[in-house]
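**Q** This structure is in structure tokens; I'll ask about it shortly.
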Amino acid sequence: MTLQRIVIALAVIACSAIVGTPTAAQVQMPNAKEMSGKVLPVPDLPAGTVTVRVARGGPGNYLAGQTVEFTVDGKKRTAKTDENGRVEFSNLRPGAPFKAAVTVDGERLESDDAVVGSTGLRIMLVATDPEAAKREAENSALAAAPAVKGVVVFGQESRVIAELSKDRLNIYYDLQIMNSARTPVDIGGPLIIELPREARGSTVLEGSTPQATANGPRITIVGPFAPGMTPVQAAFELPYSGGTVTLTQKWPAAMEQTIVMVQQIGGLTVTSPQLTAKQDITDQGQAIILGRGPALAAGQALSLEIAGLPHHPVWPRNLALALVGLIMAAGFWGALGPGSRRPSRPAGRAA
């Protein structure tokens, strides 16, 4: 199991069960204009039904009173959008070809060509928002400007993940470094994550920013940091010999929320003074412990104890080592003891 698989499998569950409704700053939403005109299946709509919604700029800014042209089986229908910017066409023949279109302030918007399917279908037609386009141009110009002094934080989607593999405990940091400014920021040097001293084999994983590198027990992310989110995915092994291990990680920047995900195997438990809520979930047959806690200040440590880890008892190894030591000591004694140092007989003396 890799970090990418864990994150993909659990991201939706974790966000809904722990984080709550994500904000636009936390989730990279698709561009509304790029989605305009796409025909999407909607299982909760009856077959033979197509809804069309008209918006300016994106979801939320819906346009009422717009005349939607709907051509199905070569015949054109028209209907005006309601107060929610929506029109609905129902009782359509399965397999019938159709297309939707609307003109908003002289801008012609059309859907993809499609056919009536076995479920309901939904289309959003998104007109250009001049103010949004202006803001986007301003943001692009600011993002290309020289860096200014500022700070970054680990965003609310950042998390610590623990996964067992063949009696090895692997720790993953899935981090989102957030710059809320509209310009790049310089924090006065690199952002350095000093891993626990027990960490072994640290690495930066695919999908991370090229600004991040691993060097022994240290993850270094050089600046400046662009506006928005800079992703860092790091991994290392945390060795353990008994059934309990403690992970202590001090964060170099503030963490907006503490999220921990631990693979549940054989009654394993997780405790931490920083976790205020925990719950067990199952995804594709895999049990997961999800924990959350409040924000952590820069320089504050997360302390995490994982107990009930599968391990082999150490006494057989210690006993074997002790026996080997005794055998070696006996061998040395036999080779170098008093019996090996008897005086030799004088030459020429009869026995």
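The values are calculated or read from the model by the stated rules, or taken from the named source; none is laboratory data. Nothing here was measured: the structure is a model prediction, and the numbers come from that model. In this analysis, Cβ positions are derived from the backbone assuming ideal geometry, glycine residues included, and neighbour counts consider all displayed protein chains.
**Q** One residue is enough: does segment 55-74 have a residue meeting the conditions of a type in the set (Val, Ile, Thr), farther than 25 Å from residue 226 by Cα and either outside any strand (DSSP E or B) or without any contact (Cβ under 8 Å) to a residue 24 or more places away in the chain (or both)?
**A** Taking segment 55-74 and keeping what is of a type in the set (Val, Ile, Thr), we get 67-68, 71-72.
So of that shortlist, the ones also farther than 25 Å from residue 226 by Cα come out as 67-68, 71-72.
So of that shortlist, the ones also either outside any strand (DSSP E or B) or without any contact (Cβ under 8 Å) to a residue 24 or more places away in the chain (or both) come out as none.
Scanning segment 55-74, I find no residue that is of a type in the set (Val, Ile, Thr), farther than 25 Å from residue 226 by Cα and either outside any strand (DSSP E or B) or without any contact (Cβ under 8 Å) to a residue 24 or more places away in the chain (or both), so the answer is no.
**Q** Another question, then. Regarding residue 51, is this residue in a strand (DSSP E or B), touching a residue at least 60 places away in the same chain (Cβ under 8 Å) and hydroxyl-bearing (Ser, Thr, Tyr)? Spell out the reasoning first.
**A** Numbers: in a strand (DSSP E or B): yes; touching a residue at least 60 places away in the same chain (Cβ under 8 Å): yes; hydroxyl-bearing (Ser, Thr, Tyr): yes.
So residue 51 passes the test.
**Q** Within segment 109-123, restricting attention to residues that are closer than 20 Å to residue 57 by Cβ and not charged (D, E, K, R), which residue is surrounded by the most Cβ atoms within 10 Å (Cβ to Cβ)? Please lay out each step first, then the result.
**A** First, pick out the residues of segment 109-123 that are closer than 20 Å to residue 57 by Cβ: 109-111, 122-123.
From what is left, the residues that are not charged (D, E, K, R) are 109, 111, 123.
On the way: 109: 21, 111: 23, 123: 26.
So, considering only residues that are closer than 20 Å to residue 57 by Cβ and not charged (D, E, K, R), the one surrounded by the most Cβ atoms within 10 Å (Cβ to Cβ) is 123.
**Q** Hey, any hits in segment 40-54 for a residue that's touching a helix residue (DSSP H, G or I) at 6+ places or on another chain (Cβ under 9 Å) and either of a type in the set (A, V, I, L, M) or surrounded by fewer than 18 Cβ atoms within 10 Å (Cβ to Cβ) (or both)?
**A** Taking segment 40-54 first, the residues touching a helix residue (DSSP H, G or I) at 6+ places or on another chain (Cβ under 9 Å) are none.
No, that holds for no residue.
**Q** Still on this structure, please answer the following. One residue is enough: does segment 151-167 have a residue meeting the conditions surrounded by fewer than 18 Cβ atoms within 10 Å (Cβ to Cβ) and farther than 24 Å from residue 289 by Cβ? Break it down into steps so the answer makes sense when it comes.
**A** Initial filter on segment 151-167 (surrounded by fewer than 18 Cβ atoms within 10 Å (Cβ to Cβ)): 151, 165-167.
Retained after the next criterion (residues that are farther than 24 Å from residue 289 by Cβ): 151.
Checked segment 151-167: at least one residue is surrounded by fewer than 18 Cβ atoms within 10 Å (Cβ to Cβ) and farther than 24 Å from residue 289 by Cβ.
**Q** Specify which of the listed residues (242, 216) is out of contact with any helix residue (DSSP H, G or I) (no Cβ under 6 Å at 6 or more places or on another chain) and free of Cβ contacts under 8 Å to residues at least 60 places away in the same chain.
**A** It is 216.
**Q** Closer than 26 Å to residue 225 by Cα and buried (at least 19 other Cβ atoms within 10 Å of the Cβ): does that describe residue 290? Lay out the reasoning, then the answer.
**A** Values: closer than 26 Å to residue 225 by Cα: no; buried (at least 19 other Cβ atoms within 10 Å of the Cβ): yes.
Criteria not met by residue 290.
**Q** Also, I was wondering about something else. Among 189, 223, which is of a type in the set (Gly, Ala, Ser), farther than 26 Å from residue 288 by Cβ and buried (at least 16 other Cβ atoms within 10 Å of the Cβ)?
**A** On the way: 189 fails: buried (at least 16 other Cβ atoms within 10 Å of the Cβ).
Being of a type in the set (Gly, Ala, Ser), farther than 26 Å from residue 288 by Cβ and buried (at least 16 other Cβ atoms within 10 Å of the Cβ) holds for just one of 189, 223, which is 223.
**Q** A further question on this structure: Can you tell me which residues in segment 168-213 are in a loop (DSSP other than H, G, I, E, B), touching a helix residue (DSSP H, G or I) at 6+ places or on another chain (Cβ under 7 Å) and among the hydroxyl-bearing types (Ser, Thr, Tyr)?
**A** Within segment 168-213, just 183 meets the criteria.
**Q** Please name all residue pairs, on different chains or six or more residues apart, with Cβ atoms under 9 Å, provided the first residue is in segment 291-302 and is assigned by TED's automatic domain parsing to the domain that holds residue 257 and the second residue is at pLDDT 95 or above and acidic (Asp, Glu).
**A** Sorted first by the residue in segment 291-302, then by its partner, the pairs are 295/256; 296/256.
**Q** Exactly one of (1) under 14 Å from residue 32 (Cβ atoms); (2) out of contact with any Ser or Thr (no Cβ under 6 Å at 6 or more places or on another chain); (3) buried (at least 20 other Cβ atoms within 10 Å of the Cβ) is unmet by residue 132. Its number?
**A** (3)
**Q** May I pose another question? Report, by residue number, each residue of segment 77-102 that is in contact (Cβ under 8 Å) with a residue 12 or more places away in the chain, over 16 Å from residue 62 (Cβ atoms) and in a strand (DSSP E or B).
**A** In the first step, residues of segment 77-102 are kept if they are in contact (Cβ under 8 Å) with a residue 12 or more places away in the chain; the result is 77, 79-102.
Checking which are over 16 Å from residue 62 (Cβ atoms) leaves us with 77, 89-99, 101.
Of everything in segment 77-102, those that are in contact (Cβ under 8 Å) with a residue 12 or more places away in the chain, over 16 Å from residue 62 (Cβ atoms) and in a strand (DSSP E or B) turn out to be 77, 89, 97, 98, 99, 101.
**Q** Here is a further query. Answer with yes or no whether residue 247 is in contact with a Leu (Cβ under 8 Å, 6 or more places away or on another chain) and either modelled with pLDDT of 95 or more or closer than 30 Å to residue 307 by Cβ (or both). Even if it seems obvious, please write down each step before you answer.
**A** Details: in contact with a Leu (Cβ under 8 Å, 6 or more places away or on another chain): yes; either modelled with pLDDT of 95 or more or closer than 30 Å to residue 307 by Cβ (or both): yes.
Criteria met by residue 247.
**Q** Sticking with this one: Looking only at segment 115-134, which residues are among the aliphatic types (A, V, I, L, M) and either part of a loop (DSSP other than H, G, I, E, B) or within 35 Å of the chain's Cα centre (by Cα) (or both)? Quick ask: steps written out before the conclusion?
**A** First, the residues of segment 115-134 that are among the aliphatic types (A, V, I, L, M): 115-116, 121, 123-127, 132-133.
Correct list: 116, 121, 123, 124, 125, 126, 127, 132, 133.
**Q** Would you confirm whether or not segment 71-82 contains a residue that is under 21 Å from residue 34 (Cα atoms) and among the hydrophobic types (A, V, I, L, M, F, W, C)?
**A** The answer is no; no qualifying residue exists.
**Q** Has segment 312-324 got at least one residue that is assigned to a strand (DSSP E or B) and either loosely packed, with under 10 Cβ neighbours inside 10 Å or modelled with pLDDT of 60 or more (or both)?
**A** Kept after step one, since they are assigned to a strand (DSSP E or B), are these residues of segment 312-324: none.
Taking every residue of segment 312-324 in turn, none turns out to be assigned to a strand (DSSP E or B) and either loosely packed, with under 10 Cβ neighbours inside 10 Å or modelled with pLDDT of 60 or more (or both).
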